[in-house]
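Reading through the structure tokens given below for one structure.
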Amino acid sequence: MESKYIEEDKLLILKVTEEIDEYSVQKIRRKADYEIERYMPKRVVFDFDSVTFMDSAGIGLLMGRYKMANMLGGKLEIANLTQNVKKIFEMCGILKLIPVVNL
Amino acid sequence: MKSKFDNEMKLEFLSKSNNEAFARITVAAFVSQLDPTIEELADIKTAVSEAVTNSIVHGYEDKPGIVKIISRIKDNEITIEISDNGKGIEDIEVAKQPLYTTKPNLERSGMGFTIMESFMDKIEIESVLGLGTKITMKKTIKSMKLEEELTTL
Ligand SMILES: Nc1ncnc2c1ncn2[C@@H]1O[C@H](COP(=O)(O)OP(=O)(O)OP(=O)(O)O)[C@@H](O)[C@H]1O
Ligand SMILES: [Mg+2]
């Protein structure tokens, strides 16, 4: 995962560069939490542009970060959903909670 | 008549989550002989990943065990059986409900069975407490190759 923080917008972009499953999600989660706690951003955007595979581990990942961002007074958003990712998010209703934005 | 596409494979591996990618990629490679679309292949990989993760996380609860996959191709239908000798499911009807999970603290969403059901044509769950769980999933591939084969017969 690559992260980029834009100070003037208090915007943290977390670009996931690996397939998201039970194995990989543990590392992604640790890194995301570390970056969120470090910058305390107003907006956290998960960029899915290079995610070629995702299963339900991705839903847990987003719900967990959603709660965390809210607790710290920030907002969670998602961008560049690939076909497979979109299908899973649509199915579980997470898009009613987390807005899709353009990066 | 037996089609030249009829085939079978078997795979066994240790219940470690770093085997998940190996498992779904192997099944995808096996299905590839039916010439599935990218979306069909993605659906199958996701369903396999859900069942394998469940065996590792819930069946064996991260203790070492063996996860088994048997996959068969008959005409343009793929059958995938994923089984473990883990702890088993107490109430299958309850477990299948969307958002139902016995491990909410580990950021599980309880969507695994819902994903398997919607990404595959058919899914059957067999489970015995203390003995293990077997998931059987089927999907028909709208394969171009097979259609060509059948029309030239
Ligand atoms: N192989 C298995 N062995 C034992 N219990 C299982 C097995 N597969 C599923 N279960 C039980 O069924 C429940 C529902 O499974 P499902 O995959 O739908 O959700 P989950 O695994 O809890 O969450 P998610 O898949 O979204 O991460 C699990 O919480 C678990 O209690
Ligand atoms: Mg699951």
The range B:120-143 - residue that is part of a loop (DSSP other than H, G, I, E, B) and open to solvent by less than 50 Å² (accessible area, probe 1.4 Å) and, of those, nearest to ligand 2 (Cβ to nearest atom): B:120
Taking the range B:8-47 as the region of interest, how many residues are facing chain A (nearest Cβ under 9 Å) and open to solvent by 40 Å² or more (accessible area, probe 1.4 Å)? 5
In the range A:40-73, anything closer than 16 Å to residue A:9 by Cα and in contact (Cβ under 8 Å) with a residue 40 or more places away in the chain is listed as A:45
Report the residue count in the range B:53-66 for those that are within 14 Å of chain A (Cβ to nearest Cβ) and more than 9 Å from ligand 1 (Cβ to nearest atom). 1
From the list B:90, B:117, B:50, B:77, which one is surrounded by fewer than 14 Cβ atoms within 10 Å (Cβ to Cβ) and either within 16 Å of the chain's Cα centre (by Cα) or of a type outside the set (A, V, I, L, M, F, W, C) (or both)? B:90
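The values are calculated or read from the model by the stated rules, or taken from the named source; none is laboratory data. On a predicted model such as this, the values are computed, not experimentally measured, just so you know. A quick note on method: Cβ atoms are made from the backbone with ideal geometry, for glycine too, and the neighbour counts reach across all protein chains shown. Just the protein is used for accessible areas: all its heavy atoms, side chains included, with ligands, DNA and RNA removed. Shrake-Rupley method; radii C 1.70, N 1.55, O 1.52, S 1.80 Å.
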